[in-house]
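Heads up: the structure comes next, in structure tokens.
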Amino acid sequence: MAGGAIRFHYDVSGSEFSLAGTASADVKAQLKKMGVPSDAIRRAAIALYEGEINLVIHAGGGAIDVDMAPGVINMAITDEGPGIPDIDLAMSEGYSSASDEVRNLGFGAGMGLPNMKKYTDSFDIQSQVGKGTSITMSVRY
Amino acid sequence: METLFHSVILDKDRCVGCINCIKRCPTGAIRVRDGKANIISERCIDCAECIRICPHKAKQSRYDSLDILKKFDYTVALPPPSLYAQFNNITDKSILIEGLKAVGFDDVYEVATAAEYISAATRVFMNSTGAEFPVISNACPAVVRLIALRYPGLIPNLLPMLTPVELAGKLAKKLAVEKTGLPPERIGCIFISPCPAKVTANHSPIGLEHRVVDGSVAVKEIYPALLREMSAIGSVSGEVSALAVPPGRVGIGWGESGGESAALFSTEKYLAADGIENVIGVLEDIESKRYRGLEFVELNACPGGCVGGVLQVENPYIAKAKLNRLAKRLPENRVRLDAEVTAVVNVERTVSYDPAMELGGNAQENYERYIQLQEILAGLPGIDCGSCGAPTCEAFAEDIVKGKAIRENCVVIMREKMEQMLDAFYNHSVEKGGCDKNDNC
Ligand SMILES: Nc1ncnc2c1ncn2[C@@H]1O[C@H](COP(=O)(O)OP(=O)(O)O)[C@@H](O)[C@H]1O
Ligand code: SF4
Ligand code: SF4
Ligand SMILES: [Mg+2]
């Protein structure tokens, strides 16, 4: 915990669907304990949850890193999955490559990436097909 | 610090400090200190989980005794719909209404009638532009307190109205004043409560300036007398006189989980959850926007809804069956929402965030203490054994940060210290030609 920043690291499994959402739930609980304003918590929780679900559904797992300093929550979501061929398309509202099977589970509405951008104060996505995807975002309060 | 009124209390003489309750409390409000399970008042939501779990009946609920009737010149009983489900074969509520009068009340206003008004007002509200979706029911005070403590981001979603009990109290008072000509303070509107949460809320309503219900007696306490009177009455012919229009199926349905949301007719986009664990699960998910398109959420802290309150007498599942049998015979809806009631229902309710779960007094202190907490936690065994009197090692670390506990309260740490001391002692005595701790001399 050097430099006063608090860091959390989560490995997100791509095979256990029932665990999807646990990392974002834990971050939310920690932020509450820290006394972060509820609006910021809510925005971070929504963005992280969407990112976490994408790791499970699209990337076969990955990692979430969060660091928190007073006034800002920085989040990094990285994976070594298939990557995204057309980022602009993936970022558009309603676009999803999800299978019908996943859609039947209630996922795959194509709002994940757009919402991650919408609810955060900064958002950056890098992706290379065959290599993986890396998203960094932050919520300020 | 301001001491809050709570109906849930500890009977110190009965408590054996077994720590069964501390882990069950949804807000981490219980600590065993000096062998007794004290409740941290600021955090308690009166959900009664500790009453349910305590094997020694040491956690109890306060409520008014029937003597409260003597304080008033005219009294009105406010029976909740779940009360009808406490009796066998009750196909006609008239006998219960007459029973309440025989027990000592002058009049009766059924809370189910008020609930039916609120269902009507909710339907109007759901179609208005002011609704923040999903709208969250405010009928269970334990849930409202939980939201104020742990989910402040959802406060704007709470239904901005009186609860059925409160509305019944207000309307009954007004009607009784008209009927008797007495001043309002001489009339007592007394709720027959299924749970401690409503006893507390009637005493100190959440977000309202004044209390509107004059007292709360427990179902389980009034039950024997009521049953006796009802048996003595035997049967009643025709409609009996009561202050309110009798309720229909909609109002009666509020007695169990799912009744309030079913009364919205127009939307299938609702959800009803009951039992505090399930309620927390749903609130967590709504907070993270996990359900898209959800419009109404009904939450009850008790399993099964109000039929599952700890002050009830009947098994909640049997009670549900009885309630459904009674409701089946009634028309769907009997009240008509007029301008007068509308004006009473829609109140200015200011539920505000309660920072009792925070570590410190301001953002900076919260942050610093959070870092300290993580450091302390790293040095604790992490087995959540509860022997220190806190529900988890994390809660214990929080107590240390707040200066309310010391590391040595941890039995594991204490044992390590003892072993070190013993080792040091024996090493010293072996050097001097004495025995070691295994008695080798
Ligand atoms: N981590 C990722 N790895 C690979 N592809 C991804 C990843 N995240 C998102 N995508 C792609 O971007 C699309 C849009 O993502 P999103 O907006 O979250 O919608 P959804 O998950 O509902 O499909 C996904 O359907 C998927 O094709
Ligand atoms: S469950 Fe709690 S209140 Fe009941 S005896 Fe054990 S420690 Fe005391
Ligand atoms: S009533 Fe509920 S919140 Fe209060 S101490 Fe008991 S379990 Fe905790
Ligand atoms: Mg997605």
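Evaluating 6.51 cos²θ - 1.76 cosθ + 1.60 at θ = phi - 60° for every residue in region B:66-75, the Karplus couplings come out as 5, 4, 4, 4, 5, 6, 10, 7, 9, 10 Hz, glycine and proline recorded as x. One chain, two ends: B:Arg292 and B:Glu416. Fully extended at 0.36 nm per residue, the span grows by 39.5 nm beyond their Cα-Cα distance. Normalised Debye scattering of region B:359-431 at q = 0.27 Å⁻¹ gives log10 I(q)/I(0) of -1.15, counting only Cα atoms as equal scatterers and leaving out solvent.
Given 0.36 nm per residue, what is the gain on full extension from B:Glu239 to B:Glu209 after removing their alpha carbon distance, in nm? It would help to have the intermediate numbers written out before the result.
Working: separation 30, 0.36 × 30 = 10.80 nm, distance 3.67 nm.
Separation in residues times 0.36 nm, less the Cα-Cα distance, equals 7.1 nm.
How much of the calculated P(r) for the protein assembly as shown lies past 32 Å, in percent of all Cα pairs? Walk me through the numbers before you get to the answer.
Values: 92478 of 169071 pairs.
Tail of P(r) above 32 Å: 55 percent of Cα pairs.
Think of it as helices only: each DSSP H run of n ≥ 4 in chain B is worth -39500 (n - 2.57), and spread over all residues that comes to -11500 deg cm²/dmol at 222 nm. Hull volume per residue, based on the alpha-carbon atoms of region B:8-61 and their convex hull, is 64 Å³. What are the lysines whose alpha-carbon lies under 23 Å from the alpha-carbon of A:Lys118, with same-chain residues fewer than 8 places away excluded? Result set, ordered by chain and number: A:Lys28, A:Lys32, B:Lys289. The calculated FRET efficiency for the pair B:Ala424 and B:Asp34, based on their C-beta separation and a Förster distance of 30 Å, comes to about 0.50. Pairs from the table (B:Lys23/B:Lys404; B:Lys93/B:Lys198; B:Lys12/B:Lys402) lying more than 20 angstrom apart at Cα are B:Lys93/B:Lys198; B:Lys12/B:Lys402. In region A:1-71, the inverse of the mean reciprocal separation of distinct Cα atoms equals 12.6 Å; this is its Kirkwood hydrodynamic radius. In a DSSP loop and with at most 16 other Cβ atoms within 10 Å, the GluC sites (Glu not before Pro) in region B:296-343 are B:Glu332.
Rg then Dmax, both in Å and based on the Cα atoms of region B:286-338: 15.8, 42.
Which net charge results when you count Lys and Arg as +1 and Asp and Glu as -1 among the other residues whose beta-carbon is under 13 Å from that of B:Glu358? Charge balance near B:Glu358 sits at +1.
Taking all pairs of different Cα atoms in region B:74-118, averaging 1/r and flipping that mean, what Kirkwood radius in angstroms comes out? Don't skip to the end; give the middle numbers.
Values: mean 1/r = 0.0911 Å⁻¹.
Over region B:74-118, the inverse of the mean reciprocal pair distance is 11.0 Å.
Convex hull volume of the Cα atoms of chain A, normalised per residue: 106 Å³. Orientation-averaged projection of region B:66-345 equals 13.9 nm² [convex hull of Cα atoms, one quarter of hull surface area]. On the principal axes of its alpha carbon atoms, region B:1-120 extends 51, 30, 30 Å, with the longest extent given first. Straight-line reach from B:Lys70: taking Cα to Cα under 21 Å and skipping same-chain neighbours fewer than 8 places apart, the lysines in range are B:Lys101, B:Lys170, B:Lys173, B:Lys174, B:Lys179, B:Lys220.
Over region B:259-303, the hull volume per residue, using the convex hull of the C-alpha atoms, is 55 Å³. Extending 7 Å from the Cα toward the beta-carbon at both B:Asn88 and A:Asp67 defines two label points whose distance is 7.0 nm.
A short reminder: the numbers here are calculations on the coordinates, not readings from a lab. From a predicted model like this one, the values you see are computed outputs, not experimental measurements. Here Cβ is always computed from backbone atoms with ideal geometry, including for glycine, and neighbour counts include all displayed protein chains.
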